[in-house]
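Step one of this worksheet: look at the structure below.
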Ligand SMILES: Nc1ncnc2c1ncn2[C@@H]1O[C@H](COP(=O)(O)OP(=O)(O)OP(=O)(O)O)[C@@H](O)[C@H]1O
Ligand SMILES: [Mg+2]
């Protein structure tokens, strides 16, 4: 990395007369076309330039990366519609700019393929006579900005929800406790009636269940205060696997952990992170139960370098199972508090997972693996 930087610097750094090597004199002059080509390829934002007849004139590496396209030798000269076949909306926006002169400024678009959100601006490319010779689109990956905004919205919602839930819990908890106590008293007063004993036991159990839900809701809505320390995610994952397999009889289930020893430590709250992975493993176990009771959960961790400004290096953990997967409708709602498809579920497991990930400035996505099943991808930054 350092090497790349030292090599690039001479282009922009003021030349030092005393030490500049002789070949510096042959550096690309600013008036040279090559300079402008290098300028486009060196920009950190995505750039795609299209000629009047709709063909690609230039495309840089960030554009390929953001659009999720593989560069090929023949891209320049291809029609934009062909290059952007997987992103028809973007192709349409560019065509409208080229044909109709519609040039949106600072607009946003969700890409179909990689699911990223881009912020883009279109410009008309004109020659010296002012004749339009093409169109250029400049764009930036806004996914992280969007995530931060969404996190902010979620925090606001949770704050409101928290106040409401705390008030309701306060009102509900006491009568609930009274019902449980009175049912117990009644049970002792009616020792001879088996029917009454069974009904009262049911009442007591239901009260306990309702109380557990109230406690869980309160736990969820309470602001999360992280006890930050340098955490080894490998250790966290190992502990989570041990705890989850201790409390849930695995039966025909298998858990595989694949975490390299040299993963860098991250700033995190080990207890909360452990809970996060236990929730995910438990969900996989419960998904197996819904079918034939067997399956494999694989936790795979890897280090990922930063490649965008504002996006730090992070550790990516995939928690993947080969269970039944979930419906499209469920996929959209899984992170919403209280969404559950299980008779005994509260629907807070994934909401808590998300809250913990957010508190660590991380990110979680749900993926559907090719062979079926479910995969949650969590990325956690390696630095604050
Ligand atoms: N690995 C998975 N495979 C299939 N479906 C899943 C998986 N993980 C989550 N789900 C679906 O997402 C829903 C929400 O999960 P979440 O953990 O939030 O709540 P829950 O497991 O239903 O209840 P709780 O975790 O509060 O006991 C589940 O009810 C289930 O339908
Ligand atoms: Mg759950």
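For segment 82-96, the condition holds for no residue, the condition being that it is closer than 18 Å to residue 43 by Cβ and in a loop (DSSP other than H, G, I, E, B).
Scanning segment 329-350 for residues being at negative phi and near ligand 1 (Cβ under 6 Å from one of its atoms) gives a total of 11. Out of 109, 48, 154, 148, one residue alone is in a strand (DSSP E or B) and either within 30 Å of residue 224 (Cβ to Cβ) or at pLDDT 95 or above (or both). It is 48.
Only residues that are surrounded by fewer than 12 Cβ atoms within 10 Å (Cβ to Cβ) and either farther than 30 Å from residue 264 by Cβ or in contact with a strand residue (DSSP E or B) (Cβ under 9 Å, 6 or more places away or on another chain) (or both): list them for segment 210-226, please.
Our first condition is that a residue be surrounded by fewer than 12 Cβ atoms within 10 Å (Cβ to Cβ); within segment 210-226, this holds for 212, 219, 223, 225.
Listed by number, the residues that qualify are 212, 219.
If I filter segment 313-328 for residues that are without any contact (Cβ under 8 Å) to a residue 40 or more places away in the chain, assigned to a loop (DSSP other than H, G, I, E, B) and within 8 Å of ligand 1 (Cβ to nearest atom), do I get at least one hit? Within segment 313-328, none of the residues are without any contact (Cβ under 8 Å) to a residue 40 or more places away in the chain, assigned to a loop (DSSP other than H, G, I, E, B) and within 8 Å of ligand 1 (Cβ to nearest atom).
Does segment 167-178 contain at least one residue that is modelled with pLDDT of 80 or more, out of contact with any strand residue (DSSP E or B) (no Cβ under 7 Å at 6 or more places or on another chain) and over 29 Å from residue 355 (Cβ atoms)? Steps first, please.
Filtering segment 167-178 for residues modelled with pLDDT of 80 or more gives 167-168, 171-178.
Now drop any that are not out of contact with any strand residue (DSSP E or B) (no Cβ under 7 Å at 6 or more places or on another chain), which leaves 167-168, 171-178.
With over 29 Å from residue 355 (Cβ atoms) added as a condition, the list becomes 178.
Checked against the condition, which is being modelled with pLDDT of 80 or more, out of contact with any strand residue (DSSP E or B) (no Cβ under 7 Å at 6 or more places or on another chain) and over 29 Å from residue 355 (Cβ atoms), segment 167-178 yields at least one hit.
From the residues in segment 344-374 that are within 16 Å of ligand 2 (Cβ to nearest atom) and surrounded by fewer than 19 Cβ atoms within 10 Å (Cβ to Cβ), which one is farthest from residue 282 (Cα to Cα)? Here the answer is 366. Of the listed requirements (1) in contact (Cβ under 8 Å) with a residue 60 or more places away in the chain; (2) more than 16 Å from ligand 2 (Cβ to nearest atom); (3) farther than 18 Å from residue 378 by Cβ, residue 337 misses just one: (2).
The residues on offer are 247, 253, and the sole one that is surrounded by 19 or more Cβ atoms within 10 Å (Cβ to Cβ) and more than 23 Å from the chain's Cα centre (by Cα) is 253.
Among residues of segment 349-373 that are closer than 17 Å to residue 298 by Cβ, those with a beta-carbon under 7 Å from a residue that is assigned to a loop (DSSP other than H, G, I, E, B) and near ligand 1 (Cβ under 9 Å from one of its atoms) at least six positions away or on a different chain give the pairs 366/334; 368/325; 372/325; 373/323; 373/325. The residues of segment 112-145 that are closer than 24 Å to residue 41 by Cβ, at pLDDT below 90 and in a loop (DSSP other than H, G, I, E, B), listed by number, are 113, 114, 116, 142.
Surrounded by fewer than 16 Cβ atoms within 10 Å (Cβ to Cβ), at pLDDT 90 or above and outside any helix (DSSP H, G or I) - does that describe any residue in segment 263-273? Show your work before the answer.
Initially, segment 263-273 is screened for residues surrounded by fewer than 16 Cβ atoms within 10 Å (Cβ to Cβ), giving 264-265, 271.
In the following step, the residues that additionally are at pLDDT 90 or above were identified as 264-265, 271.
Checking which are outside any helix (DSSP H, G or I) leaves us with 264-265.
There is at least one residue in segment 263-273 that is surrounded by fewer than 16 Cβ atoms within 10 Å (Cβ to Cβ), at pLDDT 90 or above and outside any helix (DSSP H, G or I).
Here residue 51 clears all of (1) within 29 Å of residue 147 (Cα to Cα); (2) touching a strand residue (DSSP E or B) at 6+ places or on another chain (Cβ under 7 Å) except the condition numbered (1). Per the listing 257, 243, the residue uniquely touching a helix residue (DSSP H, G or I) at 6+ places or on another chain (Cβ under 9 Å) and assigned to a strand (DSSP E or B) is 257.
The values are calculated or read from the model by the stated rules, or taken from the named source; none is laboratory data. As the structure is a computational prediction, the values presented were derived from the model and not from experiment. With ideal geometry, Cβ positions are generated from the backbone for all residues, glycine too; neighbour counts draw on all protein chains shown.
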